[in-house]
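None of the figures in this text is laboratory data; all of them are computed from the coordinates on show. The structure presented is a predicted model; accordingly, all values stated were derived computationally and were not measured.
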Amino acid sequence: MKTEDAKKIIIGLLKAKSPEPITPQEVNYGNKSIAFVQIYGIFSNLVKNGSVQMNQSEGKKFYSILDETKLNDDPAPAAKEKAVKVQKHKEEEDEKPVQKASGRDLTTYRFNNSEGLNKGRLALAIIKEYAREKKPSFKTLLEMFPDTIVPPYGVCKPVKIAKEMSKERARFFIKPEEEIKLRDCSICVSNQWTVDRIQQVISIAKKQLGYKIK
């Protein structure tokens, strides 16, 4: 199959399942004429142009839409190899501070009627309150609390993805009572918080939402 035709099929599947992710195996199962090497190549280009994000759990890759307006853009040829190396290095580095900061910083916060909240619980409470008040879609929530705050896994993910990513190590609040209902899906909030990361969320909550946090 021609690459352009295969790309149209994959983009159609991404849109149909959004905000849930799809895997290369799902694409091939329904479209045997698209070879795996072609599927991975198309997904790779979509990740590079910023339209799709890739998450990996237990060796399995999951792809979901990050910016639908960029789906038909081409990645910058000169930046392809460099972007891959930079992203890999960034993900490795971003994993390190979580253990150091979260193990030593014992700061607690007060929000609404809850006291003694650690960084993760404060983030969960803020996002839960925002969802209750505004009833946003998943896309709208990510515009308010961008995934870049908590690299490489993101501030929040749809429940299915969060549970997949937490199989080997808990990276999200995944208990049923911790899930947050949005307009178009239910999500889980990251539990990977450092001082710098929670300060970004606190700043958004105070300046843009008018929340009082102590």
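Which entries in Lys70/Lys214; Lys17/Lys163; Lys17/Lys206; Lys2/Lys48; Lys17/Lys70; Lys15/Lys206 show an alpha-carbon gap greater than 28 Å? It would help to have the intermediate numbers written out before the result.
Values: Lys70/Lys214 40 Å; Lys17/Lys163 17 Å; Lys17/Lys206 34 Å; Lys2/Lys48 20 Å; Lys17/Lys70 17 Å; Lys15/Lys206 34 Å.
Table pairs above 28 Å Cα-Cα are Lys70/Lys214; Lys17/Lys206; Lys15/Lys206.
Counted residue by residue at 0.36 nm each, then reduced by the alpha carbon distance between them, the extension gain from Ser114 to Asp184 reaches 22.4 nm.
Taking max minus min of the alpha-carbon positions on each principal axis, the chain gives extents of 59, 34, 31 Å, largest first. Full extension of the chain between Thr3 and Asp105 gives 31.7 nm of extra length, using 0.36 nm per residue less the Cα-Cα distance.
What percent does the relative contact order of the chain come to when contacts are Cα pairs within less than 8 Å and at least six residues apart? Show your work: numbers first, answer last.
Working: 271 pairs, mean separation 38.1, N = 214.
Over the chain, the number comes to 18 percent.
How long is the gain from Ser44 to Glu143 if the chain were fully straight, where each residue apart is worth 0.36 nm and the alpha carbon distance is subtracted?
Details: separation 99, 0.36 × 99 = 35.64 nm, distance 2.36 nm.
Roughly 33.3 nm would be gained on extension.
Using only Cα atoms, figure out Rg for region 102-209 and give it as a multiple of 2.2 N^0.38 Å. Display every interim value, and only then the final one.
Values: Rg = 12.9 Å, N = 108, 2.2 N^0.38 = 13.0 Å.
Compactness ratio reported: 0.99.
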